[in-house]
Amino acid sequence: MTDPFMALLGIELRSIGRGQARLSARVAPQHLNIHGSCHGGFLYSLADAAFALASNSHGVTAVALSTHMEYFKPAREGDVLEALATEENLGRRTATYRIEIRRGAELVALFTGTVFRKEADGS
(Lines give C-alpha, C1' and ligand atoms only; values in the text may rest on other atoms or scores of the structure.)
Protein backbone atom coordinates (compact mmCIF):
# COMPACT_ATOMS: atom_id res chain seq x y z
CA MET A 1 0.00 0.00 0.00
CA THR A 2 1.62 3.20 -1.22
CA ASP A 3 0.58 6.35 -3.00
CA PRO A 4 2.06 8.19 -6.02
CA PHE A 5 3.73 10.83 -3.82
CA MET A 6 5.54 8.17 -1.78
CA ALA A 7 6.74 6.56 -5.02
CA LEU A 8 7.94 9.94 -6.36
CA LEU A 9 10.01 10.51 -3.21
CA GLY A 10 11.39 6.97 -3.11
CA ILE A 11 9.62 6.05 0.15
CA GLU A 12 9.14 2.31 0.67
CA LEU A 13 6.65 0.53 2.91
CA ARG A 14 8.42 -1.97 5.19
CA SER A 15 5.51 -3.08 7.37
CA ILE A 16 2.02 -2.08 8.42
CA GLY A 17 -0.27 -3.23 11.21
CA ARG A 18 -3.18 -1.94 13.21
CA GLY A 19 -2.15 1.54 14.34
CA GLN A 20 1.43 1.24 13.15
CA ALA A 21 3.61 1.53 10.06
CA ARG A 22 7.31 1.37 9.20
CA LEU A 23 8.67 3.08 6.09
CA SER A 24 12.17 3.71 4.78
CA ALA A 25 13.90 5.98 2.29
CA ARG A 26 17.44 6.72 1.19
CA VAL A 27 18.34 10.43 1.09
CA ALA A 28 19.09 11.23 -2.56
CA PRO A 29 20.55 14.39 -4.17
CA GLN A 30 17.04 15.69 -4.97
CA HIS A 31 16.16 15.54 -1.24
CA LEU A 32 18.84 18.04 -0.21
CA ASN A 33 18.36 21.66 0.84
CA ILE A 34 20.59 24.69 0.14
CA HIS A 35 22.94 23.63 2.96
CA GLY A 36 23.55 20.17 1.49
CA SER A 37 21.62 18.33 4.19
CA CYS A 38 18.27 16.57 3.93
CA HIS A 39 15.41 19.00 3.35
CA GLY A 40 12.97 19.27 6.24
CA GLY A 41 10.11 18.85 3.79
CA PHE A 42 11.41 15.43 2.81
CA LEU A 43 11.64 14.38 6.47
CA TYR A 44 8.13 15.71 7.04
CA SER A 45 6.80 13.83 3.99
CA LEU A 46 8.39 10.58 5.20
CA ALA A 47 6.76 11.01 8.62
CA ASP A 48 3.44 12.11 7.15
CA ALA A 49 3.28 9.02 4.92
CA ALA A 50 3.79 6.77 7.96
CA PHE A 51 1.15 8.80 9.83
CA ALA A 52 -1.35 8.32 7.00
CA LEU A 53 -0.80 4.57 6.73
CA ALA A 54 -0.93 3.95 10.48
CA SER A 55 -4.00 6.11 11.05
CA ASN A 56 -5.93 4.51 8.18
CA SER A 57 -5.05 0.94 9.18
CA HIS A 58 -8.29 0.35 11.11
CA GLY A 59 -10.59 0.43 8.08
CA VAL A 60 -11.99 3.86 8.98
CA THR A 61 -11.02 6.87 6.87
CA ALA A 62 -8.77 9.15 8.89
CA VAL A 63 -7.71 12.68 7.88
CA ALA A 64 -5.18 14.94 9.58
CA LEU A 65 -6.39 17.53 12.07
CA SER A 66 -2.99 18.72 13.30
CA THR A 67 0.68 17.82 13.10
CA HIS A 68 3.92 18.91 14.71
CA MET A 69 7.52 18.18 13.72
CA GLU A 70 10.76 18.54 15.68
CA TYR A 71 14.11 18.27 13.88
CA PHE A 72 17.05 17.04 16.00
CA LYS A 73 19.90 15.91 13.72
CA PRO A 74 20.80 16.59 10.09
CA ALA A 75 20.56 13.75 7.60
CA ARG A 76 22.94 13.58 4.64
CA GLU A 77 22.89 12.19 1.13
CA GLY A 78 23.06 8.40 1.23
CA ASP A 79 21.58 8.08 4.72
CA VAL A 80 18.88 5.43 5.05
CA LEU A 81 16.05 6.74 7.20
CA GLU A 82 13.18 4.87 8.82
CA ALA A 83 9.84 6.29 9.88
CA LEU A 84 8.31 4.31 12.75
CA ALA A 85 4.67 5.20 13.42
CA THR A 86 2.92 4.13 16.62
CA GLU A 87 -0.58 4.83 17.83
CA GLU A 88 -0.60 6.75 21.10
CA ASN A 89 -4.37 7.11 21.50
CA LEU A 90 -7.32 5.70 19.56
CA GLY A 91 -10.69 7.26 20.19
CA ARG A 92 -14.01 6.95 18.43
CA ARG A 93 -13.60 10.22 16.46
CA THR A 94 -9.89 11.11 16.85
CA ALA A 95 -6.57 9.32 17.17
CA THR A 96 -3.02 10.50 17.91
CA TYR A 97 0.23 9.08 16.52
CA ARG A 98 3.94 9.40 17.20
CA ILE A 99 6.34 8.99 14.30
CA GLU A 100 10.07 8.72 14.89
CA ILE A 101 12.46 9.33 12.01
CA ARG A 102 15.59 7.29 12.71
CA ARG A 103 18.98 6.71 11.13
CA GLY A 104 19.83 3.38 12.69
CA ALA A 105 19.43 3.87 16.44
CA GLU A 106 19.77 7.67 16.19
CA LEU A 107 16.63 9.82 16.45
CA VAL A 108 16.74 12.39 13.62
CA ALA A 109 13.25 13.91 13.97
CA LEU A 110 9.98 13.45 15.82
CA PHE A 111 6.50 13.97 14.35
CA THR A 112 3.22 13.88 16.23
CA GLY A 113 -0.18 14.06 14.62
CA THR A 114 -3.87 13.80 15.37
CA VAL A 115 -6.50 12.61 12.90
CA PHE A 116 -10.24 12.92 12.62
CA ARG A 117 -11.81 9.50 12.06
CA LYS A 118 -14.75 9.72 9.64
CA GLU A 119 -17.80 7.56 10.06
CA ALA A 120 -18.81 5.04 7.41
CA ASP A 121 -21.56 7.38 6.13
CA GLY A 122 -18.89 9.92 5.10
CA SER A 123 -19.41 12.48 7.88
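In table form, for the structure just shown:
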| read-out | value |
| --- | --- |
| Label-zone membership for segment 76-109, site GLU119, 7 angstrom Cα→C-beta point, backbone N under 14 Å | 92-94 |
| Percent carbon-and-sulfur accessible area, the chain, ignoring ligands, DNA and RNA, probe 1.4 Å | 52 |
| Candidate residues HIS31, HIS39, HIS58: accessible-area rank, largest first, probe 1.4 Å | HIS39, HIS58, HIS31 |
| Rel. contact order, % - alpha carbon contacts under 8 angstrom, at least six apart, the chain | 26 |
| Solvent-accessible area of GLU88 with every protein chain in place, 1.4 Å probe, in Å² to the nearest 10 | 110 |
| Principal-axis tilt of helix 40-55 within the chain, Cα atoms, nearest 10 degrees | 30 |
| LEU90 paired with GLU70, simple spin-label distance in nm, labels 7 Å along Cα-to-beta-carbon | 2.6 |
| Computed accessible area, VAL63, all protein chains, 1.4 angstrom probe, square angstrom | 60 |
| For segment 10-25, Karplus couplings with θ = phi - 60° (6.51, -1.76, 1.60), whole Hz, Gly/Pro x | x, 8, 10, 7, 9, 6, 8, x, 5, x, 8, 7, 9, 10, 9, 7 |
| Inter-centroid distance (Cα atoms) of segment 19-38 relative to segment 48-123, Å | 15 |
| Amide H contacts of THR61 (H built 1.01 Å from N, under 5 Å, at least 5 apart or other chain) | LYS118 |
| Vicinal HN-Hα couplings computed from phi for segment 28-35 (Karplus, 6.51 cos²θ - 1.76 cosθ + 1.60; Hz; Gly/Pro x) | 10, x, 6, 9, 8, 9, 5, 8 |
| Heavy-atom accessible area per residue - the chain, 1.4 Å, Å² | 53 |
| In Å², nearest 10: area of THR61 left accessible to a 1.4 Å probe | 80 |
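The values are calculated or read from the model by the stated rules, or taken from the named source; none is laboratory data. From a predicted model like this one, the values you see are computed outputs, not experimental measurements. Every residue, glycine as well, gets a Cβ built from its backbone with ideal geometry; the counts of neighbours run over all protein chains shown. SASA here: full protein model, heavy atoms, side chains in, ligands and nucleic acids out. Shrake-Rupley method; radii C 1.70, N 1.55, O 1.52, S 1.80 Å.
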